[in-house]
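Participant: Take a look at this one; I'll ask things after.
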Amino acid sequence: MESPLHVPRERYYDREFYDLEKAYLWPRVWQMACRLEEIPSPGDWVEYEICDQSIVVVRQRDGSVKAFYNVCPHRATQLCQGTGRAPGDQITCPFHGWRWDIDGTNTLVYGADGFDPACLHPDDLRLRDVNVDTWGACAWINMDPDARPLRDALSPGAELLDSVAVENMRIWWWKEVILDANWKVAQEVFHEGYHVMQTHPQLTMGAGLAYPPNNAQYTVFENGHARFQGNPELEVGAGPGTADAFIERLRVLWEGQDAMVLEQDLRVFESIRDQVPAGVDFGHAAIGALYEHAAAEGIPMPPPGENLQLWGGEIFLFPNYFMLPMFGNSLAYRSRPFRDDPERCRFEIWSLTTYPESHDPGRARLQGRYAKDDIDNWGLIPRQDMSNIERIQRGLHSRGFRESRLATDWERAVSNMHEELDRYLSAQAR
């Protein structure tokens, strides 16, 4: 990166650049490996794959979490695939039956008498640990043994999301798609709201070109993180004070993705549609009704205040995780390379919500992998976003294109991410 206004196209498809990411980014950066509700009980494990590395994340007997390189030290067999539970808290190699306790300690070498003692040193037989820590109801891993603490690396994005109680959110649904695009292309479409007018015209409520391109306020942070949130100085269409405008905008969001706004929220807002006195801002009354409903149902909501300005906005946590909180819910994205191909990625989407404290949603599982144009499993909004991603990747190879040219403020998060990436590739960041 030589300029915050331009991104060279080769960063999205060049094999040597991709190999630099494999060597200097992914082994050294904190990355979200799984949500904690994927491993709710002792012995539950989930495999996390990044490029050519496989990590297994395991819930321990005391409720803590450990992570290990997912490989048998005998003959390099992969121990775990996908997700599962260790029977008897034992992880067993499918090749020769060697076993490990879920804390990584070797408990069985089949036919141990046939090995030279030098091959059976306990430290060598133990599963190799990977740094792991938890935040935001997720487990994060880092393969660098000298990695700085997780909260330092996620600052200040984690603190902002703490203020809207993302720790209390659990999965409503979770799906993924394989896209023919670099992992950075797939996530950069979510770094800004500048695309809404053309990509999501239904969200402008008929404003068209009158929809302001500066409809959000943008901030970039150290560590590659970024934020955008609504611009309170702007009003579009009928204005935020009317019940019809408030509810219909949210209905479009719910129908378009079943995330951020859920049907249960609309029911609350509909229940007071005709009860708010004239001259009272309906939006404020609706949020009050939402908090009353949450208190009655035992739903832990964030304390009201200026932090709620983040509702309807977005926080990006470098290198590849987004959260878009709203009403005790959130949309979340994670993008990563797929099958060692610089021009393919695995893109996951979560719809999260805050359940009553008495509710147990059970062990979370991926709902499925769906094609980008599957109208039965993707709402209109994610289909609109995904329609652009592969077009961008194809356009990067055009002889008529050399580099992106970015808006000074609206797209600054894109170059901020690339600048942080360069710090890792030059081995300056930990």
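Participant: Exactly one of (1) modelled with pLDDT under 95; (2) part of a helix (DSSP H, G or I) is unmet by Pro277. Its number?
Facilitator: So the condition that Pro277 fails would be (2).
Participant: Shifting gears a bit: Restricting the search to region 69-116, which residues are without any contact (Cβ under 8 Å) to a residue 40 or more places away in the chain, farther than 25 Å from Asp52 by Cβ, touching an Asp or Glu at 6+ places or on another chain (Cβ under 8 Å) and not hydroxyl-bearing (Ser, Thr, Tyr)?
Facilitator: Once the filter is applied, which keeps residues that are without any contact (Cβ under 8 Å) to a residue 40 or more places away in the chain, farther than 25 Å from Asp52 by Cβ, touching an Asp or Glu at 6+ places or on another chain (Cβ under 8 Å) and not hydroxyl-bearing (Ser, Thr, Tyr), region 69-116 yields Gln90, Asp101.
Participant: Under 9 Å between Cβ atoms, at least 6 apart or on separate chains: pull out the pairs that start in region 18-40 with a residue that is buried (at least 20 other Cβ atoms within 10 Å of the Cβ) and end on any residue that is in a helix (DSSP H, G or I) and among the aliphatic types (A, V, I, L, M).
Facilitator: What qualifies is Glu21/Leu421; Glu21/Leu425; Leu25/Leu421; Leu25/Leu425; Val29/Ala153; Trp30/Leu150; Trp30/Ala153; Trp30/Leu154.
Participant: Tell me, which residue of region 60-70 that is more than 11 Å from Val132 (Cβ to Cβ) and within 26 Å of the chain's Cα centre (by Cα) is surrounded by the fewest Cβ atoms within 10 Å (Cβ to Cβ)?
Facilitator: Once the filter is applied, the top-ranked residue is Gly63.
Participant: Does region 49-70 contain at least one residue that is of a type in the set (D, E, K, R), touching a Pro at 6+ places or on another chain (Cβ under 6 Å) and under 30 Å from Glu167 (Cβ atoms)?
Facilitator: Yes, there is a match, as at least one residue in region 49-70 is of a type in the set (D, E, K, R), touching a Pro at 6+ places or on another chain (Cβ under 6 Å) and under 30 Å from Glu167 (Cβ atoms).
Participant: Condition first: more than 22 Å from Asn182 (Cβ to Cβ), in contact with a helix residue (DSSP H, G or I) (Cβ under 9 Å, 6 or more places away or on another chain) and among the aliphatic types (A, V, I, L, M). Can you find one or more residues in region 329-337 that meet it?
Facilitator: No, because not a single residue in region 329-337 is more than 22 Å from Asn182 (Cβ to Cβ), in contact with a helix residue (DSSP H, G or I) (Cβ under 9 Å, 6 or more places away or on another chain) and among the aliphatic types (A, V, I, L, M).
Participant: Also, quick follow-up: Hey, any hits in region 170-179 for a residue that's in a loop (DSSP other than H, G, I, E, B) and either surrounded by 16 or more Cβ atoms within 10 Å (Cβ to Cβ) or in contact (Cβ under 8 Å) with a residue 24 or more places away in the chain (or both)?
Facilitator: no
Participant: Next up: State the number of residues belonging to region 71-110 that are surrounded by 14 or more Cβ atoms within 10 Å (Cβ to Cβ), among the polar types (S, T, N, Q) and either modelled with pLDDT under 95 or more than 30 Å from the chain's Cα centre (by Cα) (or both).
Facilitator: Final tally of qualifying residues: 3.
Participant: Just the residues that are part of a strand (DSSP E or B), in contact (Cβ under 8 Å) with a residue 40 or more places away in the chain and charged (D, E, K, R), please, taken from region 304-352.
Facilitator: Answer for region 304-352, where residues must be part of a strand (DSSP E or B), in contact (Cβ under 8 Å) with a residue 40 or more places away in the chain and charged (D, E, K, R): Glu314, Arg334, Arg336, Glu343, Arg344, Arg346, Glu348.
The values are calculated or read from the model by the stated rules, or taken from the named source; none is laboratory data. This one's a predicted model, so the numbers in the text were calculated from it and none came from an experiment. Counting neighbours? That spans all protein chains shown, and the Cβs are built from the backbone with ideal geometry, glycine included.
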